[in-house]
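K.L.:
Before we start, here is the structure in question, set down as structure tokens.
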Amino acid sequence: MARKTLPASPDSTMTVVDALERANAHWNAGQLEQAESLCQRVLAVLPDQPDALHILGLIAHTCGNLDLAIGHLRKACLSPRVPALYLSNLAEMCRQKGALSNAEDAARRAVALDAGLVQAWGNLGIILQEMGQLEESAACLERVVAAQPEAATAHNNLANTYSRLGSLEKARAHYMRALELRPDYAEAQSNLASLLNQLGQFEAAAEAARLAIDLDPRLADAYVNLAGAEMNRMRLGEALRWVEALLSFSPLHGGGLAAKARILWQLDLMDDALATARRAVAASPQSSDTHNVLGQILQAMDFGNEALAAFDKAASLPGLPVAALANRAAALMEQGAMDAALAGFDAVIANHPRHVRSWANRVDLKRFAADDPDIDRMETLLTTTSDFNDQIALHFALGKAHLDAGQSGSAFAHFNEGNRMKRSTFALDIKASGRWMREIADTFSQSALEHLAGQGHPSDMPIFVLGMPRSGTSLIEQILASHPDVRGAGELLTMNRLASNLPGYPEGATGLTGEQLRQMGEVYLARLAPLAKGRRHVIDKMPANFMHAGLIRLVFPQARIIHCRRDAIDTCLSCYTRLFTTEQRFTYDLAELGQFYLDYQSLTDHWRAVLPASHFIEVDYEAVVDDLEGQARQLLAALNLPWDDHCLAFHKTSRIVRTASATQVRQPIYKSSVGRWKSYAKHLQPLLNVLERSTS
């Protein structure tokens with residue numbers, strides 16, 4: 001470099017080299033103004049001087065001006081003799097900006113210039129991690145760990161990549177090593193919590209996340225991970241509390257808003273969930289996750305085209321588009337586009353053969369023969385994945401596949417293990433559940449119902465379709481929703497929420513006034529009316545509303561309740577062989593399932609005795625399968641609706657179906673599910689023992 005002197009100053013003999021040395025010294029000492037002044041004096045003489053531009057870029061970055069920092073670094077990196085370090089720093093700044101393609105280019109140039117620059121390999125590894133190029137990311141970060149085995153951050157970064165790869169035990173080892181090296185490393189502690197969630201160790205995950213928060217009360221990811229642990233334990237209130245704590249100090253945190261939207265969705269607070277998801281997208285428009293959760297909520301609210309657009313946007317953003325692509329295929333399945341859904345899942349699996357959710361959903365779209373190679377592929381995947389929830393999903397998927405293939409022994413080995421694993425994630429007192437149902441029956445006695453008869457809301461818009469899960473509720477909803485005067489809204493949690501908000505429920509319900517009942521009706525209709533889309537009736541197909549039939553009668557005395565019945569063992573078998581996306585805790589143990597069925601049966605016997613047959617309408621699944629038209633005509637007559645032939649072609653009706661029966665209701669009536677349990681009786685002994693005791 002020529003020894004040019006700087007423009008006139010108190011030290012007019014200072015050369016460019018002197019100025020840069022002093023600027024570096026000021027920068028290292030945290031004296032930013034002095035460093036910046038010297039760099040600007042250098043640039044006045046040499047406008048493209050890369051060292052001065054680099055220091056100015058670092059100063060701008062420190063001051064929070066990322067765009068200016070990137071501008072300086074880009075100009076510095078135009079120098080033909082640019083140091084690899086400058087390219088590495090540019091790569092990191094571009095990553096922070098979300099310009100991952102530019103970041104990757106700069107990082108690759110850096111390691112090509114200086115293969116020994118460990119920082120450049122670390123930056124490249126993290127960039128590739130965020131771009132979803134995980135195998136190469138791991139290779140880069142392994143080089144960093146090999147060069148810096150005592151660096152806690154190196155182990156943490158490598159663990160993050162292994163976690164995304166599904167190599168969970170490798171990830172755990174590196175997180176633990178990071179924490180051995182730095183016990184106060186809050187970020188590694190939070191990341192460990194996320195990993196423990198994947199491993200199904202939810203209590204340990206919550207403990208790790210709380211420790212991370214203690215170490216750094218403003219570490220946002222720790223709050224999200226703690227909320228995730230609570231959601232996995234089905235403690236939605238606690239999950240929401242922790243997300244709210246995060247948003248109290250970081251109200252525009254995209255990940256926190258996305259987590260809150262998911263929780264509100266699970267709580268069936270759909271308007272709030274949608275508004276929160278839109279806020280998440282506005283806060284983090286370049287986040288694939290925020291667009292993905294927006295798509296899921298739009299789909300849940302029947303905005304199918306908008307949901308597909310949101311999934312498309314999520315898939316176009318850097319990172320891991322696989323979740324959005326899988327959700328898009330699932331949305332197509334719910335919308336009845338089965339061929340397109342199957343093609344979507346196939347495309348995901350072709351590019352991401354370890355994506356378990358796509359395998360699990362795809363199972364419902366095909367029937368398997370014994371020699372189907374997909375069975376072996378799923379069996380192999382099961383032995384190589386460490387993710388707890390993925391293992392559960394694969395057991396249920398393989399159970400269905402083996403059952404299709406006539407291999408009941410293998411099928412129930414998978415069903416039993418999948419149910420055992422799922423049952424281990426929560427506490428359930430089945431006897432307490434039975435006592436609660438008996439308390440409901442005692443509370444909503446004939447006299448109590450007569451005392452408040454007719455005082456509720458006069459609307460007959462709601463039609464409640466209820467019963468045990470897998471008893472034919474989706475079929476009845478689809479038949480009725482094929483009528484031009486009826487719209488199916490799916491499974492709504494609104495009535496359950498109204499009941500839960502009543503002090504001392506169920507006993508407290510008998511103390512309600514007519515005005516209070518009508519107000520409850522208004523709250524319910526505020527949720528239901530927007531779903532009507534101009535139809536006279538809207539179906540709430542929440543099976544568990546069988547617990548609230550008495551309250552429904554008080555709140556909506558004109559509303560019809562349709563109770564779906566099916567053979568007890570067929571119903572329980574269908575429950576046991578299904579991994580539910582919603583909370584059906586009683587279905588994961590055969591003996592508990594049998595006891596719950598008996599308690600359900602006792603309660604619905606009570607409703608039959610105290611509710612008028614004109615408004616408590618019972619329909620048997622087997623009768624519908626045997627005589628679709630006759631049963632459909634009786635149902636429509638009971639609802640005071642004229643006959644419509646569309647009800648016989650229910651499988652052609654275009655609407656979103658989000659229940660476990662989404663594929664079945666797209667098919668014409670078939671009789672193969674009647675008496676299905678007899679072929680599998682030897683696998684159902686704990687269930688049969690409970691049901692038989694009730695008749696002995």
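The values are calculated or read from the model by the stated rules, or taken from the named source; none is laboratory data. Just so you know, these numbers come straight off a predicted model, no measurement behind them. With ideal geometry, Cβ positions are generated from the backbone for all residues, glycine too; neighbour counts draw on all protein chains shown.
K.L.:
Looking at the structure I just gave you, is Asp374 over 19 Å from the mean Cα position of the chain (by Cα) and part of a helix (DSSP H, G or I)?
P.N.:
Details: over 19 Å from the mean Cα position of the chain (by Cα): yes; part of a helix (DSSP H, G or I): yes.
So Asp374 fits the description; yes.
K.L.:
Output the residue which, of all residues in the range 282-307 that are free of Cβ contacts under 8 Å to residues at least 24 places away in the same chain and assigned to a helix (DSSP H, G or I), is surrounded by the fewest Cβ atoms within 10 Å (Cβ to Cβ). Talk me through it step by step, then tell me what you get.
P.N.:
From the range 282-307, those free of Cβ contacts under 8 Å to residues at least 24 places away in the same chain are 282, 285, 303, 305-306; that's our starting set.
Okay, now just the ones that are also assigned to a helix (DSSP H, G or I), so 282, 305-306.
Working: Ala282: 12, Asn305: 10, Glu306: 15.
That would be Asn305.
K.L.:
Now a separate question. Looking only at helices (runs of 4 or more DSSP H) that lie completely in the range 428-501, which have at least 3 residues being closer than 12 Å to Leu551 by Cα and of a type in the set (A, V, I, L, M, F, W, C)? So that I can check it myself, show each step before the final result.
P.N.:
On the way: elements: 430-443, 446-451, 473-481, 494-500.
Hits in the range 428-501: 494-500.
K.L.:
Step by step: first the residues of the range 155-176, then only those that are of a type in the set (A, V, I, L, M, F, W, C) and in contact (Cβ under 8 Å) with a residue 24 or more places away in the chain, then the one that is nearest to Leu141 (Cα to Cα). Which residue is that?
P.N.:
Leu158
K.L.:
Can you name the condition, by its number, that Gln516 falls short on among (1) touching a Ser or Thr at 6+ places or on another chain (Cβ under 8 Å); (2) closer than 16 Å to His457 by Cα?
P.N.:
For Gln516, the exception is condition (1).
K.L.:
Right, another one. Assuming Phe580 fulfils every condition listed in (1) buried (at least 19 other Cβ atoms within 10 Å of the Cβ); (2) modelled with pLDDT under 95 apart from one, which condition is it?
P.N.:
Only one criterion is unmet by Phe580, namely (1).
K.L.:
Mind telling me which of the residues Ser194, Ser137 ends up being closer than 15 Å to Ala208 by Cβ and either touching a Leu at 6+ places or on another chain (Cβ under 6 Å) or buried (at least 17 other Cβ atoms within 10 Å of the Cβ) (or both)?
P.N.:
On the way: Ser137 fails: closer than 15 Å to Ala208 by Cβ.
After applying the criteria, what remains is Ser194.
K.L.:
Looking at Leu192 and the list (1) over 21 Å from the mean Cα position of the chain (by Cα); (2) hydrophobic (A, V, I, L, M, F, W, C); (3) modelled with pLDDT of 95 or more; (4) within 22 Å of Ser386 (Cβ to Cβ), which single condition is not satisfied?
P.N.:
With (1) over 21 Å from the mean Cα position of the chain (by Cα); (2) hydrophobic (A, V, I, L, M, F, W, C); (3) modelled with pLDDT of 95 or more; (4) within 22 Å of Ser386 (Cβ to Cβ) applied to Leu192, the lone miss is (1).
K.L.:
Check Glu104, Glu135 and return the single one that is under 25 Å from Leu192 (Cα atoms) and without any contact (Cβ under 8 Å) to a residue 60 or more places away in the chain.
P.N.:
Details: Glu104 fails: under 25 Å from Leu192 (Cα atoms).
So the residue among Glu104, Glu135 that is under 25 Å from Leu192 (Cα atoms) and without any contact (Cβ under 8 Å) to a residue 60 or more places away in the chain is Glu135.
K.L.:
Right, next: Out of everything in the range 633-647 that is assigned to a helix (DSSP H, G or I) and modelled with pLDDT under 95, what residue ends up being surrounded by the fewest Cβ atoms within 10 Å (Cβ to Cβ)?
P.N.:
As a first pass, look at the range 633-647 and keep what is assigned to a helix (DSSP H, G or I): 633-638, 645-647.
Remaining after also requiring modelled with pLDDT under 95: 645-647.
Details: Asp645: 9, His646: 14, Cys647: 23.
Looking at residues that are assigned to a helix (DSSP H, G or I) and modelled with pLDDT under 95, I get Asp645.
K.L.:
Report yes if Arg357 is more than 26 Å from Asn197 (Cα to Cα) and either under 22 Å from the mean Cα position of the chain (by Cα) or not in a helix (DSSP H, G or I) (or both), otherwise no. Step through it out loud before you land on a result.
P.N.:
Values: more than 26 Å from Asn197 (Cα to Cα): no; either under 22 Å from the mean Cα position of the chain (by Cα) or not in a helix (DSSP H, G or I) (or both): yes.
Answer is no for this residue.
K.L.:
Tell me yes or no: at least one residue of the range 310-317 is assigned to a loop (DSSP other than H, G, I, E, B), over 14 Å from the mean Cα position of the chain (by Cα) and hydrophobic (A, V, I, L, M, F, W, C).
P.N.:
Within the range 310-317, the subset assigned to a loop (DSSP other than H, G, I, E, B) is 317.
Within this subset, residues satisfying the condition of being over 14 Å from the mean Cα position of the chain (by Cα) are 317.
Going one step further and asking which of them are hydrophobic (A, V, I, L, M, F, W, C), we end up with 317.
Within the range 310-317, one or more residues are assigned to a loop (DSSP other than H, G, I, E, B), over 14 Å from the mean Cα position of the chain (by Cα) and hydrophobic (A, V, I, L, M, F, W, C).
K.L.:
Report the residue count in the range 157-169 for those that are within 25 Å of Met231 (Cα to Cα) and part of a helix (DSSP H, G or I).
P.N.:
Quick first cut of the range 157-169, residues within 25 Å of Met231 (Cα to Cα) only: 159-169.
Of the ones still in play, those that are also part of a helix (DSSP H, G or I) are 159-165, 168-169.
Number of matching residues: 9.
K.L.:
If a residue counts only when it is out of contact with any strand residue (DSSP E or B) (no Cβ under 8 Å at 6 or more places or on another chain) and of a type in the set (S, T, N, Q), which helices (runs of 4 or more DSSP H) contained entirely in the range 9-98 have at least 3 such residues? Full working, then the answer.
P.N.:
Numbers: elements: 16-28, 32-45, 50-62, 66-76, 84-97.
Qualifying helices (runs of 4 or more DSSP H): 32-45, 84-97.
K.L.:
While we're here: Out of all the residues in the range 229-252, which are within 20 Å of Arg279 (Cα to Cα) and buried (at least 23 other Cβ atoms within 10 Å of the Cβ)?
P.N.:
Going through the range 229-252, the residues within 20 Å of Arg279 (Cα to Cα) turn out to be 239-252.
Result: Ala239, Trp242, Val243, Leu246.
K.L.:
In the same structural domain as Asp620 (by TED's automatic domain parsing), over 30 Å from Lys400 (Cα atoms) and assigned to a loop (DSSP other than H, G, I, E, B) - does that describe any residue in the range 511-523? Step through it out loud before you land on a result.
P.N.:
First, pick out the residues of the range 511-523 that are in the same structural domain as Asp620 (by TED's automatic domain parsing): 511-523.
Cutting the leftovers down to over 30 Å from Lys400 (Cα atoms) gives us 511-523.
Those left that are additionally assigned to a loop (DSSP other than H, G, I, E, B): 512-513.
Checked the range 511-523: at least one residue is in the same structural domain as Asp620 (by TED's automatic domain parsing), over 30 Å from Lys400 (Cα atoms) and assigned to a loop (DSSP other than H, G, I, E, B).
K.L.:
Just to check your reading of the model, which residue among Leu502, Leu480 is crowded, with 18+ Cβ neighbours inside 10 Å and either in contact with a Leu (Cβ under 8 Å, 6 or more places away or on another chain) or of a type in the set (Gly, Ala, Ser) (or both)? Working first, answer last.
P.N.:
Working: Leu502 fails: crowded, with 18+ Cβ neighbours inside 10 Å.
Within the list Leu502, Leu480, the selection yields Leu480.
K.L.:
So which residues in the range 172-220 are over 22 Å from Ile392 (Cα atoms) and touching a Gly at 6+ places or on another chain (Cβ under 7 Å), if there are any at all? Show your work before the answer.
P.N.:
Taking the range 172-220 as the starting set, the residues that turn out to be over 22 Å from Ile392 (Cα atoms) are 173-191, 207-220.
The one that is over 22 Å from Ile392 (Cα atoms) and touching a Gly at 6+ places or on another chain (Cβ under 7 Å): Ala220.
K.L.:
Is it the case that Phe444 is within 30 Å of the chain's Cα centre (by Cα) and either outside the structural domain of Asp387 (by TED's automatic domain parsing) or modelled with pLDDT of 95 or more (or both)? If you could, list the steps in order and put the result at the bottom.
P.N.:
Values: within 30 Å of the chain's Cα centre (by Cα): no; either outside the structural domain of Asp387 (by TED's automatic domain parsing) or modelled with pLDDT of 95 or more (or both): yes.
So Phe444 does not fit the description; no.
K.L.:
Let me ask something else about it. Somewhere in the range 331-347, is a residue part of a helix (DSSP H, G or I), closer than 23 Å to Lys682 by Cβ, in contact with a helix residue (DSSP H, G or I) (Cβ under 7 Å, 6 or more places away or on another chain) and touching a residue at least 12 places away in the same chain (Cβ under 8 Å)?
P.N.:
The answer is no; no qualifying residue exists.
K.L.:
Keeping to the range 85-98, report how many residues are at pLDDT below 95 and touching a Leu at 6+ places or on another chain (Cβ under 7 Å).
P.N.:
2
K.L.:
Do we have Ser358 as in contact with an Asp or Glu (Cβ under 7 Å, 6 or more places away or on another chain) and under 22 Å from Met231 (Cβ atoms) here? Outline the logic, then answer.
P.N.:
Working: in contact with an Asp or Glu (Cβ under 7 Å, 6 or more places away or on another chain): no; under 22 Å from Met231 (Cβ atoms): yes.
No: the conditions fail for Ser358.
K.L.:
Of the residues that sit in the range 31-46 and are within 52 Å of the chain's Cα centre (by Cα) and not aliphatic (A, V, I, L, M), which one is nearest to Glu21 (Cα to Cα)?
P.N.:
Cys39
K.L.:
Filter the range 656-696 down to the residues that are assigned to a helix (DSSP H, G or I) and under 28 Å from the mean Cα position of the chain (by Cα), then identify the one that is modelled with the highest pLDDT. Outline the logic, then answer.
P.N.:
Applying the first criterion (assigned to a helix (DSSP H, G or I)) to the range 656-696 yields 664-666, 676-683, 685-693.
Narrowing further to those that are under 28 Å from the mean Cα position of the chain (by Cα): 664-666.
Values: Gln664: 53, Val665: 45, Arg666: 42.
Per the criteria, the residue is Gln664.
K.L.:
Does the range 459-477 hold any residues that are buried (at least 24 other Cβ atoms within 10 Å of the Cβ) and polar (S, T, N, Q), and which are they?
P.N.:
Within the range 459-477, Ser471, Thr473, Ser474 qualify.
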